[in-house]
1. Can you show me the helix-derived [θ] at 222 nm for the chain, built from DSSP H runs with n ≥ 4 at -39,500 (n - 2.57) apiece and divided by the number of residues, rounded to the nearest 500.
2. Using a/c under 1.5 as the rounded threshold, could you call region 67-112 rounded, prolate or oblate? The axes a ≥ b ≥ c are square roots of the C-alpha gyration tensor eigenvalues, and prolate needs a/b larger than b/c, oblate otherwise.
3. Restricting to Cα atoms and excluding each atom paired with itself, what does the Kirkwood estimate give for region 82-137 in Å?
4. Which ³J(HN,Hα) values in Hz, rounded to whole numbers, follow from the phi angles of region 41-57 under the Karplus curve 6.51 cos²θ - 1.76 cosθ + 1.60, where θ = phi - 60° and Gly and Pro get x?
5. In whole Hz and in residue order, list the ³J(HN,Hα) couplings for region 113-128 that follow from phi through the Karplus curve 6.51 cos²θ - 1.76 cosθ + 1.60, θ = phi - 60°; x for Gly and Pro.
6. Give me D for region 26-130 in µm² s⁻¹, whole number, from Stokes-Einstein with Rh from the Kirkwood sum over alpha-carbon pairs, 10 °C and 1.306 mPa s.
7. Express in Å², to the nearest 10, the accessible area of Glu51 obtained by rolling a 1.4 Å probe over the protein heavy atoms while all chains stay in place.
8. Using square roots of five times the C-alpha gyration tensor eigenvalues, list the equivalent-ellipsoid semi-axes of region 67-174 in whole Å, biggest first.
Amino acid sequence: RRGFRKPSVTAGGVEQANGVLVAGNLVLDTVVIGVPESPPWNTSQWVESMEQHLGGNCGNTSHAIARLGVPARALAFAGRDAAGDRVTEILSAAGVDTSFIERTGMPTAASVALVRADGARCFLHCPGASLVAFLDAPEITPSLAFGCAFFHMANPFGIPGLRSTAPEILRRAR
């Protein structure tokens with residue numbers, strides 16, 4: 001529970017929690033800069049750079065919140081693979097509580113952003129673990145909600161399971 005503190009009690013007897021619980025997807029993004037206009041198939045092309053970054057709505061949001069010094073907890077799904085290890089390592093290093101990231105047999109979601117010299121982009125996405133994420137609405141248990149004053153549901157339209165369970169998750173998070 002790094003970053004989270006026991007809620008304090010004010011003079012009025014109200015608990016003051018300070019964290020944000022963020023639910024959504026985790027993605028390992030690969031950004032390729034300098035892609036030719038229409039690269040011919042069956043050839044090799046040189047590009048300016050290729051870099052991997054944390055992505056996904058839960059990943060980016062919880063990471064930014066933690067970097068701002070606010071405790072953040074991720075409620076998400078990742079594969080039991082190197083990409084899942086990498087996204088959880090990045091989040092942990094930023095101070096995000098990753099103890100509620102469920103590791104599945106599906107691969108971690110991944111995207112490739114192809115970026116031309118003029119800045120135009122094309123995204124290729126493999127949803128992976130996002131396909132099995134939030135098929136059932138999770139219980140908002142005391143340990144999940146510990147220290148959290150706010151709940152952020154990141155893009156229910158990007159995760160198929162959230163399309164049907166989002167209303168129940170929001171009800172439980174109240």
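The values are calculated or read from the model by the stated rules, or taken from the named source; none is laboratory data. None of the values given here were measured: they were computed from a predicted structure. Each accessible area value is taken on the protein alone, full model and side chains, heavy atoms only, with ligands, DNA and RNA left out. Shrake-Rupley method; radii C 1.70, N 1.55, O 1.52, S 1.80 Å.
1. On the way: 4 runs with 42 residues, N = 174.
-7000 deg cm²/dmol, from helical runs alone.
2. On the way: a/c = 2.43, a/b = 1.76, b/c = 1.38.
Judged from the Cα gyration tensor, region 67-112 comes out prolate (a/c at least 1.5, a/b above b/c).
3. Numbers: mean 1/r = 0.0755 Å⁻¹.
One over the average 1/r among Cα pairs gives 13.2 Å for region 82-137.
4. After applying 6.51 cos²θ - 1.76 cosθ + 1.60, I find 5, 6, 9, 9, 10, 7, 10, 5, 7, 9, 9, 9, 9, 5, x, x, 5 Hz.
5. Going residue by residue, I get 9, 9, 10, 7, 4, 7, x, 5, 10, 9, 10, 10, 10, 10, x, x Hz, with x marking Gly and Pro.
6. Working: Rh = 14.6 Å.
Translational D for this selection: 108 µm²/s.
7. Result for Glu51: roughly 90 Å² accessible.
8. 25, 18, 15
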